[in-house]
Structure formats: structure tokens, C-alpha cells
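The structure appears below as C-alpha cells.
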Amino acid sequence: MTIALYLAHLNPVTHAHVEIITELQDLADSVKVMPVVFRSGEREINSKSFPFDYSTRKKMLESVFGNSISITDDYAFEAPFKKYLPPLVRSRSWRLKRQILHGVKGEYFSYTGDRAEGYMLKIYGLHPRVGQRKQISATSVKEKLFDSALNGGQEWKSDVPKKVAEIINESWGVVEKYAGIKDLTTRVAGMKFPKEGWSE
């Protein structure tokens, strides 16, 4: 049995994510999707780069795939996030690998469309397959969402599945909350982290 591990922001879920997961379903016997989560204690940390919380993103995925995929919060970083780096040296990085592989038995591989992230996955021994970046990115969709909240327009709706668009509309207060503020994000080793929780 081969398991595909898909670790991604999924913030929000786009047509590109759906395409990737569908392709992984064809390549593996099962697919475990892990939206990245940042926590400080019991509280999830969100920001302009990571506006939708885990439960909302899980709902987005379930609206498209139902129970045909496994969705978990095993790809979770606990503050202070800087203690995960550098990989191999920090014990937290190995704990993260154990979390990611929780419940995984048999052969597995991970997927990413980002070369830098693929390098990190290789360091962790997660057997990455690096695919080509899709035309639609979650970052561009977020920009359209924030522009819509500030200036109107619905261009973003063509980039996400219909049911995901409905969930975003239900959570529109989240979009409005982050639309007009600065993005407080730290990028290290090809990965993004919220500045809140980086060194607390």
C-alpha cells in the first residue's frame, strides 16, 4: 500500500490544489492531506498569509473530496517556531517528522510543487516528488480576496471550487479582518512562518 503525503498551506483551497490531490489519488492507494498549522499552546496562530484556520480549510477539503482522502493536523508547528531550524539538528524537527508520519504504514512519498520545500522534505527523509507549479496559486487567490474585500469584485471565485467559494463567503469576516493590514510573515529556508510565535 502506497500513501501520498500532501503538506501544504491550502489557504484557501484552490482548483490547483484539487488538481494535485486528484493526481495523487491516481498515483497512490490513499492520500493524507495535511494543511499546515501554527500554534501557541492551544491557540492557532493566523495571519494575512494564513488567514483561514485549520477547521475551515478541512471543511473546504471535505466539501470537494468527502471522505475519499485523510485530512489531519499532523503538520503542526508549536511556538517558538525558530526551534525547528536548522533541520536535522533540532529535536523539534524530528518530532515534526514523527507527527507527519503518524498513522502511515507501508510505502509513502510526499509531494510539493516548490523546489526549496522539496529540499526540506528530502532532508527529513519524506521521499519527496517535486511537481510543476500550477498556474493558480493560493497567494494570488488571497490577493484577489483581499482586493475584493477592499474594492469589491468577485474575480477570485473562478479560482476555487464552488463549494469552497461558499465556505469563503461564510467566513468573509476573516477576509475583511486581514485585507487592510500588513502581512507579518517570516520566510526561512524556503518556508513561511507567522512572525507571531517565531521567537516567543
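The values are calculated or read from the model by the stated rules, or taken from the named source; none is laboratory data. Keep in mind that this is a model prediction, so the values were computed, not measured. Note: ideal-geometry Cβ built from the backbone for every residue, glycine included; neighbour counts use all protein chains shown.
Remarks
- Evaluated against (1) in contact (Cβ under 8 Å) with a residue 24 or more places away in the chain; (2) under 23 Å from Arg115 (Cβ atoms), Gln25 falls short on exactly one condition, (2).
- Residue, surrounded by the fewest Cβ atoms within 10 Å (Cβ to Cβ), within segment 151-179, restricted to residues that are in contact with a Ser or Thr (Cβ under 8 Å, 6 or more places away or on another chain), hydrophobic (A, V, I, L, M, F, W, C) and under 22 Å from Gln135 (Cα atoms): Trp156
- Single residue of Glu62, Glu78 found to be surrounded by 15 or more Cβ atoms within 10 Å (Cβ to Cβ) and more than 20 Å from Val31 (Cβ to Cβ): Glu78
- Residue within segment 17-36 that is touching a Phe, Trp or Tyr at 6+ places or on another chain (Cβ under 7 Å), part of a loop (DSSP other than H, G, I, E, B), within 19 Å of Glu200 (Cβ to Cβ) and not charged (D, E, K, R) present: yes
- Among the residues of segment 54-83, those identified as within 17 Å of Glu170 (Cα to Cα) and touching a residue at least 40 places away in the same chain (Cβ under 8 Å) are Thr56, Arg57, Lys59, Met60, Leu61, Ser63, Val64.
- The residues on offer are Glu176, Glu170, Glu196, and the sole one that is farther than 20 Å from Glu117 by Cβ, more than 17 Å from the chain's Cα centre (by Cα) and touching a residue at least 60 places away in the same chain (Cβ under 8 Å) is Glu196.
- Any hit, segment 88-105, residues being loosely packed, with under 13 Cβ neighbours inside 10 Å and at pLDDT below 90: yes
- Residue that is touching a helix residue (DSSP H, G or I) at 6+ places or on another chain (Cβ under 6 Å), among the acidic types (Asp, Glu) and outside any strand (DSSP E or B), where the choices are Glu176, Glu62, Glu143, Glu166: Glu176
- Residues (assigned to a strand (DSSP E or B), of a type in the set (D, E, K, R) and over 25 Å from Val64 (Cβ atoms)) located in segment 179-196: Arg187
- Matching entry among Leu88, Leu96 (being in contact with a helix residue (DSSP H, G or I) (Cβ under 7 Å, 6 or more places away or on another chain) and at positive phi): Leu88
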